[in-house]
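What follows is one structure encoded as structure tokens, with my remarks underneath.
Just so it is clear, none of the values below were taken in a lab; they were calculated from the coordinates. Since we're looking at a predicted model, the values are computed, not measured. Every residue, glycine as well, gets a Cβ built from its backbone with ideal geometry; the counts of neighbours run over all protein chains shown.
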Amino acid sequence: MKGDTGRGAGGVGRGRGARALWTAAECAVTLGLVLLLFVAHQLWWTNRQAQSGAARQVAELEREWAVTTGVRPGPRSAPGPGPGPASGPAPGPGLGPGPAPAPVPRAAASPSPSRSPSPRAGQAYAVLVVPRLHLRVPVAEGVGRADVLDKGYVGHYPGTAQPGRPGNFALAGHRNTHGEPFRNLDRLEPGDEVRVETRDAVLTYVVDRTLPQTTPGDGGVLRPVPRSEVRPSYGYGEPGHYLTLTTCTPEYTSTYRLVIWGKLRSVRLR
């Protein structure tokens, strides 16, 4: 009798242990599925949603401009070759710029070609076109996540110059998720064109220099004459008409910032 009791107790204990192990396995599988759905949402659904909304915003801006200026809407996608593989290492300190951009006509560059009032926070008011990346995306005022960046827009840093004005027209965009407009920003090379379309003008900037990595707090890259405070060998030393594009690096992190600089080459008034 005593032996039978012992075997019964042991069987109950083993049964409870098996049920606990099975429950733990079910919880692990459920957690894995939840994480998989979260990743799919972040990497696929947010991109699809934001890219669709950004495309609608570009079309809406073009319709507004067509009504006010009589200019027909531009193409829905940027022309030019695809991004292709990145070529060569990132520029190092002291590397000279690419082909020298033509001087900006004084009449077009100063005063500002824009006759529109200053945009309000969150307002989309321009279109950024990068032919190499097949990118055509709205530019909105501010760099808030909810009202600008998470919509798949590119955000204008408040306090920096507006398009065509002397100083530094500085923009930020997501590299991953929520439309990821700057996913392939690292593929831009000296000499590549970047256009900014507004109601009043089309401005063409030419990529000039790259800062492969700096800290998120490097405010020097946003100054009117941009120069890194963290890596002072990167930047400029004289006033001009600059474009700054910033995004996170490496991919899928927000540890550092990648910076692309360009100079204004031409302004075409509508």
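A few notes on this one:
- Protection proxy ranking of 225-231, 255-261, by the mean of other Cβ atoms within 10 Å over each peptide's residues and highest first, is 255-261, 225-231.
- Proximal charge balance of PRO224 [Cβ under 13 Å; K/R count +1, D/E count -1]: +2
- Full-extension gain in nm, ALA25 to SER254, via 0.36 nm per residue minus C-alpha separation: 79.1 nm
- As a proxy for reagent exposure, GLU197, GLU251, GLU238 were ordered by neighbouring Cβ count within 10 angstrom, fewest first; the result is GLU238, GLU251, GLU197.
- Proximal charge balance of GLY237 [Cβ under 15 Å; K/R count +1, D/E count -1]: +2
- Sorted ascending by nearby beta carbons within 10 Å, beginning with the fewest, LEU211, LEU21 become LEU21, LEU211.
- Ranked list, fewest to most other Cβ atoms within 10 Å of each Cβ, for CYS248, CYS27: CYS27, CYS248
- Pair ALA66, ALA18: separation of 7 Å Cα→Cβ label points (nm): 7.1
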